[in-house]
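Here is the structure we will look at.
The values are calculated or read from the model by the stated rules, or taken from the named source; none is laboratory data. Quantities reported herein were computed from a predicted structural model and do not represent experimental measurements. Heads up, the Cβs are rebuilt from the backbone with ideal geometry, glycines too, and the neighbour counts pull from every protein chain shown.
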Amino acid sequence: MSDTTQAMATRIDGKAAAEALRARIATEAARLTARHGTIAGLAVVLVGEDPASQVYVRNKAAATRAAGLASFEHRLPATTTEAELLALVASLNRDPDIDGILVQLPLPAGISAAAVTAAIDPAKDVDGFHPVNAGRLWGDGGGLVPCTPQGCMILLRGARDRLAGANAVVLGRSQIVGKPMAALLLGADCTVTVAHSRSRDLPALCRSADILVAAVGRPEMVRGDWIRPGATVIDVGINRVATADGRSRLVGDVAYAEAATVAGAITPVPGGVGPMTIACLLRNTLIAAARRRGWSEPDL
Ligand code: NDP
């Protein structure tokens, strides 16, 4: 009789990891507030009425308050000019109560996201998108790290004994996920390959990966037979797809059910990388506050 039972990958629980991180942030925030008598503050700026962005901003503000940090929300109409937005960013840069500034993307047509990102004080750039922070990530470090890749690293460190020497393949080379992810993995002594839409033979590249990070925005593109047995798979993708009953559901960039029969550990969607992103935003806010105000670096 043959044994057809397949070992399933460990499900990396990002929701639980994010809750644990948020609890540590709340403890550290309370400790710093008690010691210094002030509270770290995050300003979130939303321009226009984009429904998804409104939800993100609401969630970020609620999570900020829940962690014991001060939340400042600025909602501007879609008619706002770039000059008006830059003036707000300049005033937030000067405001001593603000430790972190996040301008929710995408911005309405006519406003340059690059110009706005570059106008944020790098010391308050909790998204980690400012060119100074991007450069520090590839250099000696010490800057603020983009939240989603940082969250992926925390999940990876929890899932694997060792990162050093592992072959890591990052699918996607965006400024906000793929490139910073590659820099962090390199910093953790992985051997890193970055693949993109022009890469050849993605399945073979992926099969070389001990660590596979998928951030392409293509629903379930990565199939089970792309995965090296025992690999750790981090699925950053968030894709809404229609279901047969006319509703919709979220799926990642990895075909989870197939991949889970081959991988050693894998993040689900939802409940994997997603919850870590906001937790890492709060982490960055506290780190930025400590550096700016000369407090001891929080243990996060
Ligand atoms: P982008 O669209 O900015 O980048 C996608 C990248 O994937 C590009 O580098 C592109 O290559 C590459 N790519 C696209 N199609 C293919 C393909 N068929 N084969 C190989 N490479 C391909 O996306 P983001 O990086 O912003 O986001 C990626 C995914 O992660 C999305 O699903 C997004 O929703 C999700 N996301 C999730 C977050 C979270 O909190 N969990 C946060 C941010 C993003 P090229 O450069 O050649 O065009």
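Give A215, A279, A231 a once-over and let me know the one that is more than 16 Å from the ligand (Cβ to nearest atom) and surrounded by 23 or more Cβ atoms within 10 Å (Cβ to Cβ).
Numbers: A215 fails: more than 16 Å from the ligand (Cβ to nearest atom); A279 fails: more than 16 Å from the ligand (Cβ to nearest atom).
On inspection, the qualifying residue turns out to be A231.
For D97, work out the one condition from (1) in contact with a Leu (Cβ under 9 Å, 6 or more places away or on another chain); (2) more than 16 Å from the ligand (Cβ to nearest atom) it doesn't fulfil.
Against the list (1) in contact with a Leu (Cβ under 9 Å, 6 or more places away or on another chain); (2) more than 16 Å from the ligand (Cβ to nearest atom), D97 comes up short only on (1).
Need the failing condition index for S174 against (1) of a type in the set (G, A, S); (2) over 20 Å from D13 (Cα atoms); (3) assigned to a loop (DSSP other than H, G, I, E, B); (4) more than 9 Å from the ligand (Cβ to nearest atom), just the number.
It is condition (4) that S174 fails.
Among residues belonging to the stretch 199-212 that are of a type outside the set (A, V, I, L, M) and assigned to a loop (DSSP other than H, G, I, E, B), point out the one that is nearest to the ligand (Cβ to nearest atom).
S199
Take the conditions out of contact with any Asp or Glu (no Cβ under 7 Å at 6 or more places or on another chain), closer than 27 Å to G294 by Cα and among the aliphatic types (A, V, I, L, M) and apply them to L85. Does it pass? Before the answer, list the steps.
On the way: out of contact with any Asp or Glu (no Cβ under 7 Å at 6 or more places or on another chain): yes; closer than 27 Å to G294 by Cα: no; among the aliphatic types (A, V, I, L, M): yes.
The answer is no for L85.
Out of the residues in the stretch 138-153 meeting the condition of being in contact (Cβ under 8 Å) with a residue 12 or more places away in the chain and surrounded by fewer than 21 Cβ atoms within 10 Å (Cβ to Cβ), tell me which one is nearest to D127 (Cα to Cα). Break it down stepwise before answering.
Quick first cut of the stretch 138-153, residues in contact (Cβ under 8 Å) with a residue 12 or more places away in the chain only: 138, 141, 143-153.
Among the residues that remain, those that are also surrounded by fewer than 21 Cβ atoms within 10 Å (Cβ to Cβ) are: 138, 141, 143.
On the way: W138: 16, G141: 15, G143: 11 Å.
That would be G143.
Might you check whether a residue that is of a type in the set (A, V, I, L, M, F, W, C), over 25 Å from L137 (Cα atoms), crowded, with 16+ Cβ neighbours inside 10 Å and away from the ligand (no atom under 13 Å from the Cβ) occurs anywhere in the stretch 188-198? Steps first, please.
Applying the first criterion (of a type in the set (A, V, I, L, M, F, W, C)) to the stretch 188-198 yields 188, 190, 192, 194-195.
Still in the list and also over 25 Å from L137 (Cα atoms): none.
Within the stretch 188-198 (the criterion being of a type in the set (A, V, I, L, M, F, W, C), over 25 Å from L137 (Cα atoms), crowded, with 16+ Cβ neighbours inside 10 Å and away from the ligand (no atom under 13 Å from the Cβ)), the answer is no, since none of the residues qualifies.
Taking the residues in the stretch 119-169 that are under 14 Å from the mean Cα position of the chain (by Cα), closer than 26 Å to L202 by Cα and of a type in the set (V, I, T) as candidates, determine which candidate is farthest from the ligand (Cβ to nearest atom).
Checking each candidate, the answer is I154.
Looking at (1) modelled with pLDDT under 95; (2) within 16 Å of L282 (Cα to Cα); (3) loosely packed, with under 13 Cβ neighbours inside 10 Å, which one does D97 not meet, given that it meets all the others?
Against the list (1) modelled with pLDDT under 95; (2) within 16 Å of L282 (Cα to Cα); (3) loosely packed, with under 13 Cβ neighbours inside 10 Å, D97 comes up short only on (1).
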